[in-house]
Amino acid sequence: MTPPPVPTPADGEAAFMAELRRLKAWSGLSYRELERAAAAAGEVLPYSTAASMLRRDRLPREAVLVAFLAACGLDAEDTRRWVAARRELAMGARPFPAPAPREPARRRRPRLPLALVGAAAAVAFLGGASATAFGTLTVQEEQTVEDIHQP
């Protein structure tokens with residue numbers, strides 16, 4: 001049997017992921033078979049996770065990588081090499097994107113807190129409603145008052 005593919009961290013994340021895809025091909029296993037092989041090795045690797053991982057050019061989490069390597073049938077030394085390469089890439093000198101230019105902050109007019117405005121509106125409404133309720137009479141009440149005051 002040919003030896004398994006070996007990662008080269010100097011080539012970057014995309015190359016690392018390409019080597020993982022080659023490793024899957026080397027194993028000869030389907031995604032479902034990888035899931036079962038990982039379970040047999042005491043690892044958890046849902047077939048959908050393996051498929052998603054290999055579709056991307058980003059590094060997988062270390063635990064997912066270890067489960068995948070175990071499912072592919074790599075020994076401890078090969079697994080150690082892959083994990084070390086992943087760590088090197090994860091911590092390596094990847095260029096960080098330049099921060100986007102920010103607009104200068106504009107001064108805002110101070111605003112009253114929303115709670116204060118709401119409380120003032122509630123007081124005004126309730127005050128007006130109570131004044132209206134206490135200051136008016138119904139038609140029947142007006143006739144009763146007129147009847148009382150007529151001689």
(request) Starting from the Cα-Cα distance between Ala51 and Val6, subtract it from 0.36 nm times their residue separation and give me the gain in nm to one decimal. (result) 14.2 nm
(message) Which order do you get for Arg58, Arg81 if you rank them by accessible area with a 1.4 Å probe, largest at the top?
(response) Arg58, Arg81
(request) May I ask you to compute the full-extension gain from Ala90 to Ala76, defined as 0.36 nm times their residue separation minus their alpha-carbon distance, rounded to one decimal in nm? (result) 3.0 nm
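The values are calculated or read from the model by the stated rules, or taken from the named source; none is laboratory data. Quick caveat, the model's predicted, so the values are computed rather than measured. Ligands, DNA and RNA are excluded from the accessible area calculation, which covers all protein heavy atoms including side chains. Shrake-Rupley method; radii C 1.70, N 1.55, O 1.52, S 1.80 Å.
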